[in-house]
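Novice: Could you have a look at this structure, given as structure tokens, before my questions?
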Amino acid sequence: MILMAARRILQLGDPVLRMVSSPVSDPAAAAAILADLEDTLAEFRRTHGFGRGISAIQIGETCRVIFLEVDGTRYQLINPEFTWQSEERFDLWDDCFSFPNLMVRLSRHRAVRIRHQDLGGAWHEFEARDALSELVQHEMDHLDGILAVDHAAGKDALATREEYLRRLAQAQL
């Protein structure tokens, strides 16, 4: 039996989610947090059936660390920062582990470039487009105390997950 270090995910309304995360001075020290984030993501996927990324602040760790797992690729982002964001944007319905039953319609940059450190302290850069770009922006917002609900695109930009899925099914008929 594998013991996982899945942690409690802070929920909408918890004031810690509004805190700005601090840079990590020793990237190697982020290893334990990254392991907890990976395990928490796996547990969330097991219990909710979805999920691609999580930031340290969502488990109460106020440091600039993000873990993503998208299409079998793992990203461990320490001290991530944007180096470029496209002018082109796209609209989408977003969700969040901190409010899993709420969907938010918002706008994101179509592409972004991210610079980040690895556990050894080396800097790397990659470009993300479309769904990965949206995910990176979502998690980066968390590090700055910003939630998807803060980007809601108007008065009709919030829906429960149940209502969102009902509308989606109707649109596909």
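The values are calculated or read from the model by the stated rules, or taken from the named source; none is laboratory data. Quick caveat, the model's predicted, so the values are computed rather than measured. FYI the Cβ positions are ideal-geometry reconstructions off the backbone, even for glycines, and counts take in every protein chain you see.
Novice: For segment 98-131, how many residues are closer than 23 Å to Thr73 by Cα, part of a loop (DSSP other than H, G, I, E, B) and touching a strand residue (DSSP E or B) at 6+ places or on another chain (Cβ under 9 Å)?
Specialist: Total meeting the criteria: 4.
Novice: Are any of the residues in segment 58-71 assigned to a strand (DSSP E or B) and either among the hydroxyl-bearing types (Ser, Thr, Tyr) or touching a His at 6+ places or on another chain (Cβ under 7 Å) (or both)?
Specialist: So far as segment 58-71 goes, no, none of its residues is assigned to a strand (DSSP E or B) and either among the hydroxyl-bearing types (Ser, Thr, Tyr) or touching a His at 6+ places or on another chain (Cβ under 7 Å) (or both).
Novice: Sticking with this one: Select from segment 48-74 the residues that are among the charged types (D, E, K, R) and over 10 Å from the mean Cα position of the chain (by Cα) and write down the one among them that is surrounded by the most Cβ atoms within 10 Å (Cβ to Cβ).
Specialist: Arg64
Novice: For segment 26-48, does any single residue satisfy the condition of being in a loop (DSSP other than H, G, I, E, B) and farther than 26 Å from Ala131 by Cα?
Specialist: yes
Novice: Test Gly13 against the criterion of being on the phi > 0 side of the Ramachandran plot and either without any contact (Cβ under 8 Å) to a residue 24 or more places away in the chain or in a helix (DSSP H, G or I) (or both), and give yes or no.
Specialist: yes
Novice: Looking at segment 132-161 only, could you name the residues that are modelled with pLDDT under 95 and assigned to a helix (DSSP H, G or I)?
Specialist: If the condition is that a residue be modelled with pLDDT under 95 and assigned to a helix (DSSP H, G or I), then Arg161 is the only one that fits.
Novice: Taking segment 75-99 only, how many residues are farther than 13 Å from Leu135 by Cα and touching a Phe, Trp or Tyr at 6+ places or on another chain (Cβ under 8 Å)?
Specialist: Result for segment 75-99: 1.
Novice: Can you tell me which residue is surrounded by the most Cβ atoms within 10 Å (Cβ to Cβ) among those in segment 97-112 that are without any contact (Cβ under 8 Å) to a residue 60 or more places away in the chain and within 30 Å of Pro27 (Cα to Cα)?
Specialist: Of everything passing the filter in segment 97-112, Arg108 is surrounded by the most Cβ atoms within 10 Å (Cβ to Cβ).
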